[in-house]
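**Q** Here's a structure for you.
The values are calculated or read from the model by the stated rules, or taken from the named source; none is laboratory data. All values derive from a computational prediction rather than experimental measurement. For neighbour counting, all protein chains shown are included, and Cβ atoms are generated from backbone atoms with ideal geometry for every residue, glycine included.
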Amino acid sequence: MASREPQINRENVSRAKDRLRVVEARVGRRWGRLFWLLIGPGILVMLGENDAPSMLSYAATGSQFGIGFFIPFVVFTFMLAFVAQEITVRLGAASKAGHAELIYQRFGRFWGNFAMIDLLFTNFLTLVTEFVGIVAGAGFFHIPAPIAVLLGLLAVSSAVVLRRYWSWERLILALASFNLVFVVVAFLAPVSWGQVGHAMWSWTPLPGGWNSNTIIMILADIGATITPWMLFFQQGAVTDKGLAQKDIRWGRIDTAFGATLATMAAVGCIVVTAPLYIHHMNAGQFGAAQFAQALVPYIGHIGGALFALGIFDAGLVAAVAISTSSAYAFGEVAHQAHSLNRSVVEAKGFYAVLIGVAAVAGAIVLIPGFPLEMVVIVVNVIAVLTMPPAIGFLLLLANDREVVGPHKSTWWLNVFGIGVGVFISLAGIVYALTVVFPHFTL
């Protein structure tokens with residue numbers, strides 16, 4: 001692989017300081033500190049994927065289907081997400097290059113452009129839904145939509161002020177940790193935890209069977225867990241953080257830890273909205289901003305406020321992560337500086353994309369009459385339909401010895417990776433059948 005920017009600059013100096021702390025912790029066998037220094041990209045990508053449309057999809061799932069089939073199904077989808085994201089750790093640490101950059105280098109401009117269009121299209125649509133969640137969550141506290149959008153843009157712009165990957169990562173990690181509020185709120189819900197445990201191991205049949213509505217919800221929940229932007233973001237973050245090949249094991253732990261936390265929050269969201277199903281209050285009766293109000297009779301005003309705050313925070317964190325994902329990809333393809341260790345002067349294009357895409361997405365949400373609730377579900381479905389090509393590129397790169405060297409995928413990692421690609425492709429085919437045959441059932 002070609003070396004990048006061998007000259008000494010602010011980006012390299014900042015990253016070298018971070019690496020020095022890692023070396024000191026490793027030499028001193030301070031494993032707790034080493035874990036603290038190396039975690040970040042995996043937790044951020046997993047909790048970032050528990051974004052506003054994802055949590056609203058889980059809320060719709062709980063209110064339409066209650067506690068049953070979807071709890072173990074969501075756990076399963078996060079296992080699939082881990083399989084995909086583990087590969088990005090190896091790719092980033094071994095190649096020191098971003099995902100978009102590798103696709104252009106290994107497959108040429110045509111496929112590079114294809115991957116970029118796929119990414120930017122889904123990223124932008126998803127960003128719109130993040131601001132939907134930000135506005136929805138803020139609405140519970142009577143915060144006007146323009147103010148909520150401005151708060152989202154301020155969070156995205158924090159990278160400009162911090163000018164340091166480490167500081168930015170710690171700030172966003174702190175925000176992302178609030179996703180666990182859905183676990184706290186779940187304990188306020190009037191549900192039987194014995195029933196939750198039974199559902200986890202029994203895979204209760206779907207109420208009403210497998211029809212077009214349940215298939216769309218299944219796809220929405222898959223899209224709530226696995227999306228193209230995650231691949232580009234985590235590989236870019238691993239590279240920007242400066243993880244080395246000897247850190248790959250810690251990167252896997254980081255990703256597994258993030259997947260575990262995200263699964264807990266997702267299951268908590270389904271549990272807390274299950275009373276709406278029990279009392280026959282279908283989610284179709286509520287707009288995104290009204291979920292929290294609908295839950296107040298069952299979890300109290302404090303519980304409803306925490307739920308709304310969780311949706312707001314989920315949109316905030318994901319808006320930051322997805323904007324950064326787009327900026328990383330742009331910088332890699334345009335061969336321009338693309339690091340959070342750079343200043344605005346040094347990386348004008350990078351920061352212009354980072355803030356610009358968020359600003360446009362936020363402005364769209366403010367358009368009167370914009371179909372916000374419909375977009376939330378549709379975007380997650382689109383994420384599933386655009387994922388198979390992304391998985392294909394990922395698997396090819398993971399088996400390219402010139403890219404990953406000794407960290408090339410083993411046969412069993414390939415089995416898992418191909419399994420993820422086949423599962424997502426089949427999900428897309430089933431969805432296509434429901435579109436062509438509206439009364440399609442399994």
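**Q** For region 400-417, what are the residues that are of a type outside the set (Gly, Ala, Ser) and surrounded by 15 or more Cβ atoms within 10 Å (Cβ to Cβ)?
**A** Of everything in region 400-417, those that are of a type outside the set (Gly, Ala, Ser) and surrounded by 15 or more Cβ atoms within 10 Å (Cβ to Cβ) turn out to be Asp400, Val403, Val404, His407, Lys408, Leu413, Phe416.
**Q** Then there's this: So for region 121-144 (the condition being among the hydroxyl-bearing types (Ser, Thr, Tyr), in a helix (DSSP H, G or I) and more than 30 Å from Gly300 (Cβ to Cβ)), does at least one residue qualify?
**A** Within region 121-144, the subset among the hydroxyl-bearing types (Ser, Thr, Tyr) is 122, 126, 129.
Narrowing the set further to residues that are in a helix (DSSP H, G or I) leaves 122, 126, 129.
Filter once more, keeping what is more than 30 Å from Gly300 (Cβ to Cβ): 122, 126.
Yes, region 121-144 contains a residue that is among the hydroxyl-bearing types (Ser, Thr, Tyr), in a helix (DSSP H, G or I) and more than 30 Å from Gly300 (Cβ to Cβ).
**Q** Also, I was wondering about something else. Determine whether Phe182 is surrounded by 18 or more Cβ atoms within 10 Å (Cβ to Cβ), in contact (Cβ under 8 Å) with a residue 60 or more places away in the chain and either of a type outside the set (S, T, N, Q) or out of contact with any Lys or Arg (no Cβ under 8 Å at 6 or more places or on another chain) (or both). Reasoning before the result, please.
**A** Numbers: surrounded by 18 or more Cβ atoms within 10 Å (Cβ to Cβ): yes; in contact (Cβ under 8 Å) with a residue 60 or more places away in the chain: yes; either of a type outside the set (S, T, N, Q) or out of contact with any Lys or Arg (no Cβ under 8 Å at 6 or more places or on another chain) (or both): yes.
Answer is yes for this residue.
**Q** How many of the residues making up region 360-381 are modelled with pLDDT of 75 or more and in a helix (DSSP H, G or I)? Please lay out each step first, then the result.
**A** In the first step, residues of region 360-381 are kept if they are modelled with pLDDT of 75 or more; the result is 360-368.
With the extra rule that they be in a helix (DSSP H, G or I), the set shrinks to 360-365.
Summing the residues that are modelled with pLDDT of 75 or more and in a helix (DSSP H, G or I) in region 360-381 gives 6.
**Q** Here is a list: Ala314, Ala327. Which entry is buried (at least 24 other Cβ atoms within 10 Å of the Cβ), part of a helix (DSSP H, G or I) and touching a Leu at 6+ places or on another chain (Cβ under 8 Å)?
**A** Values: Ala314 fails: touching a Leu at 6+ places or on another chain (Cβ under 8 Å).
Every option except Ala327 fails the conditions.
**Q** Identify all residues within region 191-221 that are hydroxyl-bearing (Ser, Thr, Tyr) and out of contact with any helix residue (DSSP H, G or I) (no Cβ under 6 Å at 6 or more places or on another chain); write none if there are none.
**A** The initial filter retains those residues of region 191-221 that are hydroxyl-bearing (Ser, Thr, Tyr), namely 192, 202, 204, 212, 214.
Once the filter is applied, which keeps residues that are hydroxyl-bearing (Ser, Thr, Tyr) and out of contact with any helix residue (DSSP H, G or I) (no Cβ under 6 Å at 6 or more places or on another chain), region 191-221 yields Ser192, Ser202, Thr204, Thr214.
**Q** Would you confirm whether any residue within region 157-180 is β-branched (Val, Ile, Thr) and more than 30 Å from Asn12 (Cβ to Cβ)? First the steps, then the outcome.
**A** Step one: filter region 157-180 for residues β-branched (Val, Ile, Thr), giving 160-161, 172.
Pick out the ones that are also more than 30 Å from Asn12 (Cβ to Cβ) and you get none.
Within region 157-180, none of the residues are β-branched (Val, Ile, Thr) and more than 30 Å from Asn12 (Cβ to Cβ).
**Q** Being in contact (Cβ under 8 Å) with a residue 60 or more places away in the chain, in contact with a Gly (Cβ under 9 Å, 6 or more places away or on another chain) and buried (at least 17 other Cβ atoms within 10 Å of the Cβ): is that true of Ile391 here?
**A** So Ile391 passes the test.
**Q** Quick one: Val357 ticks every box in (1) assigned to a helix (DSSP H, G or I); (2) modelled with pLDDT under 85; (3) under 30 Å from Arg90 (Cβ atoms) except a single one, so which number is it?
**A** Status for Val357: all satisfied but (2).
**Q** A follow-up question, please. Do you know which residues across region 196-212 are touching a Ser or Thr at 6+ places or on another chain (Cβ under 9 Å) and either in contact (Cβ under 8 Å) with a residue 24 or more places away in the chain or part of a helix (DSSP H, G or I) (or both)?
**A** Pass one, region 196-212, residues touching a Ser or Thr at 6+ places or on another chain (Cβ under 9 Å): 198, 206-212.
Passing the criteria: His198, Leu206, Pro207, Gly209, Trp210, Asn211, Ser212.
**Q** Further, regarding this structure: Can you tell me how many residues in region 180-200 are closer than 20 Å to Val317 by Cβ and out of contact with any Gly (no Cβ under 7 Å at 6 or more places or on another chain)? Spell out how you get there, then give the answer.
**A** Going residue by residue through region 180-200, those that are closer than 20 Å to Val317 by Cβ are 180-186.
Checking the rest, the ones that are also out of contact with any Gly (no Cβ under 7 Å at 6 or more places or on another chain) come to 180, 184.
The total comes to 2.
**Q** Only residues that are touching a residue at least 60 places away in the same chain (Cβ under 8 Å), closer than 14 Å to Gly362 by Cα and part of a helix (DSSP H, G or I): list them for region 151-174, please.
**A** Within region 151-174, Leu151, Gly152, Leu153, Ala155, Val156 meet the criteria.
**Q** Would you mind telling me which numbered condition in (1) at pLDDT 90 or above; (2) under 20 Å from the mean Cα position of the chain (by Cα) Tyr351 fails?
**A** Tyr351 satisfies every listed condition except (2).
**Q** Mind checking which residues of region 411-438 are polar (S, T, N, Q) and at pLDDT below 75? I'd like the intermediate steps shown before the answer.
**A** Of region 411-438, the ones polar (S, T, N, Q) are 414, 425, 434.
Hit for region 411-438 is Thr434, nothing else.
**Q** In this structure, is Phe124 surrounded by fewer than 21 Cβ atoms within 10 Å (Cβ to Cβ), under 14 Å from the mean Cα position of the chain (by Cα) and of a type outside the set (Ser, Thr, Tyr)?
**A** Values: surrounded by fewer than 21 Cβ atoms within 10 Å (Cβ to Cβ): yes; under 14 Å from the mean Cα position of the chain (by Cα): yes; of a type outside the set (Ser, Thr, Tyr): yes.
So Phe124 passes the test.
**Q** Residues to consider are Pro228, Pro275; find the one that is modelled with pLDDT under 95, closer than 22 Å to Ser54 by Cα and in contact with a Leu (Cβ under 6 Å, 6 or more places away or on another chain). Reasoning before the result, please.
**A** Numbers: Pro275 fails: in contact with a Leu (Cβ under 6 Å, 6 or more places away or on another chain).
So the residue among Pro228, Pro275 that is modelled with pLDDT under 95, closer than 22 Å to Ser54 by Cα and in contact with a Leu (Cβ under 6 Å, 6 or more places away or on another chain) is Pro228.
**Q** Hey, another quick one. Scan (1) farther than 22 Å from Pro41 by Cβ; (2) buried (at least 24 other Cβ atoms within 10 Å of the Cβ); (3) of a type outside the set (Val, Ile, Thr) for the single condition Gly303 breaks and write down its number.
**A** (2)
**Q** Taking Asp240 and the conditions (1) closer than 13 Å to Phe70 by Cα; (2) buried (at least 17 other Cβ atoms within 10 Å of the Cβ), which numbered condition does it fall short on, given that it satisfies the others?
**A** (1)
**Q** Does Arg26 meet the test of being surrounded by fewer than 18 Cβ atoms within 10 Å (Cβ to Cβ), at pLDDT below 90, over 24 Å from Ile172 (Cα atoms) and charged (D, E, K, R)?
**A** Numbers: surrounded by fewer than 18 Cβ atoms within 10 Å (Cβ to Cβ): yes; at pLDDT below 90: yes; over 24 Å from Ile172 (Cα atoms): yes; charged (D, E, K, R): yes.
It is true that Arg26 is surrounded by fewer than 18 Cβ atoms within 10 Å (Cβ to Cβ), at pLDDT below 90, over 24 Å from Ile172 (Cα atoms) and charged (D, E, K, R).
**Q** Next question. Being among the small types (Gly, Ala, Ser) and free of Cβ contacts under 8 Å to residues at least 40 places away in the same chain is the filter here, so list the residues in region 102-126 that pass it.
**A** Step one: list which residues in region 102-126 are among the small types (Gly, Ala, Ser), which gives 108, 112, 115.
Within region 102-126, Gly108 is the sole residue that qualifies.
**Q** Among the numbered criteria (1) surrounded by fewer than 19 Cβ atoms within 10 Å (Cβ to Cβ); (2) under 30 Å from Asn414 (Cα atoms), which one does Pro146 miss?
**A** Condition not satisfied by Pro146: (2).
So that you can scan it fast, the table gives a plain yes or no per residue for (1) among the small types (Gly, Ala, Ser); (2) over 30 Å from Ala337 (Cα atoms):
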site	(1), (2)
Gly223	yes, yes
Trp229	no, no
Trp250	no, no
Gly268	yes, yes
Pro275	no, yes
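**Q** Restricting to region 338-354, name every residue that is outside any helix (DSSP H, G or I) and out of contact with any helix residue (DSSP H, G or I) (no Cβ under 6 Å at 6 or more places or on another chain).
**A** First, the residues of region 338-354 that are outside any helix (DSSP H, G or I): 338-347.
Result: Ser343, Val345, Glu346, Ala347.
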